[in-house]
Amino acid sequence: MEVVLAEPRGFCAGVIRAISLVRQALQKYGAPVYVRHEIVHNKHVIDELKKAGAVFIEDLSEIKDCSRPLIFSAHGVPESVAEVAQDMGLIVIDATCPLVAKVHKQIKKFALKNIPIIVIGKAGHPEIVGTAGQVSADYPLTIISSLEDAKKLEFDNNQEIGVVTQTTLSVDDTKEIFDYLQQRFINLAKMSASDICYATTNRQKAVKALAQEVDTVLIIGSANSSNSKQLKETALKAGAAQALLIDDASDLDWNKLNNCAKIGISAGASAPEYLVEELLENLSKRYDNIKIHKLIIAEEKVSFKI
């Protein structure tokens, strides 16, 4: 069996920062520490932090002791949640990914100009809930998730409109929507390319290249991880005969590799590297001769201050 490892893969700077904030809060304040929503979307990370004393909640009403710290997840929160936390007198630690925070700032800039806002993303996803929640519920903000949605927009083509995007979407699909909006709306205001999530872009580029080389692409990541699911879809769209999203090695149906001579492995931005190592160990136990090499498309040096 030949194994090709995509690089970069796994943890991004925003995830590393968020997890570190929870661990440091536990060291400083002791357990329990409350975390609103899963700090990142990965089953293994959540289980580890629960054992360390993190208590994950969805609503601030679940907090039983207001003297304990509250951490906002990497996905960000609506302004209303931050206001409730302040009213409750909570110690708040904001683990919102700095790239998501940039989107929040942009939303507020558009709101100051009082222009309609288009948000490209998946309605109901925590990141989009937080992004849309930067303005009041009655503000003219529309969430779209496809080119078809974009074509149904009823804004005047000459009207000034602001647009932002969820950071974990398909780069290609998002570009298609952006291109349409730019062509249709003369006065479209958007964030610069440098504000788009570097990790999403790099991981999808690597998986695209991987799909051209292997029989099957394995993506390590949890089912509720948007960026991990996008990696699987990216692999299939790039021509992979088969792409599987697995939580870990125990989640893999080995029969699906029966006719494979060459597989590719990547991991979502919230998946720990030890899950990749465990998968490689399991592969080496099942196959007599494993050849492993890397497919490197970028070197990431981004880090975020804690």
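Nothing in this text is a laboratory measurement; each read-out follows from the coordinates by a stated rule. Nothing here was measured: the structure is a model prediction, and the numbers come from that model. So basically every Cβ, Gly included, is an ideal-geometry build from the backbone, and we count neighbours across all protein chains shown.
Ordering TYR274, TYR139, TYR198 from the fewest to the most neighbouring beta carbons within 10 Å gives TYR274, TYR139, TYR198. How are the Cα pair distances of segment 228-301 distributed, in percent, across 5 Å bins from 0? Going out from 0 Å in 5 Å bins, segment 228-301 shows 3, 12, 23, 29, 22, 9, 2, 0 percent. Select from SER20, VAL119, ILE39 the residue farthest towards the positive end of the dipole of the chain; place +1 on Cβ of Lys and Arg, -1 on Cβ of Asp and Glu, and compute about the Cα centre. Positive-end residue among those listed: SER20.
Rg/Rh for the chain (Cα atoms only, Rh after Kirkwood) is 1.00.
Computed over segment 99-195, the range of Cα coordinates on each principal axis works out to 29, 27, 25 Å, biggest value leading. Counting only aspartates and glutamates at least 8 places from LYS102 when in the same chain, those with an alpha carbon closer than 18 Å to its own are GLU79, ASP94, GLU127, ASP195.
Apply 1/(1 + (r/R0)^6) to the Cβ-Cβ distance of ASP138 and LYS113, taking R0 = 22 Å, and write down the FRET efficiency to the nearest 0.05.
0.85
Checking the Cα-Cα distances for LYS105/LYS301; LYS43/LYS190; LYS50/LYS294; LYS229/LYS305; LYS122/LYS237; LYS262/LYS285 against a 22 Å cut-off, the pairs over it are LYS105/LYS301; LYS43/LYS190; LYS50/LYS294; LYS229/LYS305. Charged side chains reduced to their Cβ positions (Lys and Arg at +1, Asp and Glu at -1) give the chain a dipole of some 580 debye around its Cα centre. Taking trypsin sites (Lys or Arg not before Pro) in DSSP loop conformation with at most 12 other Cβ atoms inside 10 Å as exposed sites, the chain has its longest uninterrupted site-free stretch at 153-300.
Of the GluC sites (Glu not before Pro) in segment 76-177, the ones in a loop by DSSP (not H, G, I, E or B) with at most 14 other beta carbons within 10 Å are GLU154. Sorted into 10 angstrom bins from 0, the C-alpha pair distances of segment 13-97 split as 19, 58, 23, 0 percent. When the alpha-carbon atoms of segment 37-190 are used, the pair Rg, Dmax equals 17.4, 55 angstrom.
Taking other Cβ atoms within 10 Å as a rough exposure proxy, SER222, SER20 sort from fewest to most as SER20, SER222. The P(r) of segment 149-306 has a tail past 29 Å containing 30 percent of all C-alpha pairs. Where only DSSP H runs of four or more residues are counted, the chain gives -12000 deg cm²/dmol as its mean residue ellipticity at 222 nm, each run worth -39500 (n - 2.57). Partners of LYS291 within straight-line reach, counting aspartates and glutamates whose Cα lies under 12 Å from its Cα and excluding those fewer than 8 residues away in the same chain: GLU2.
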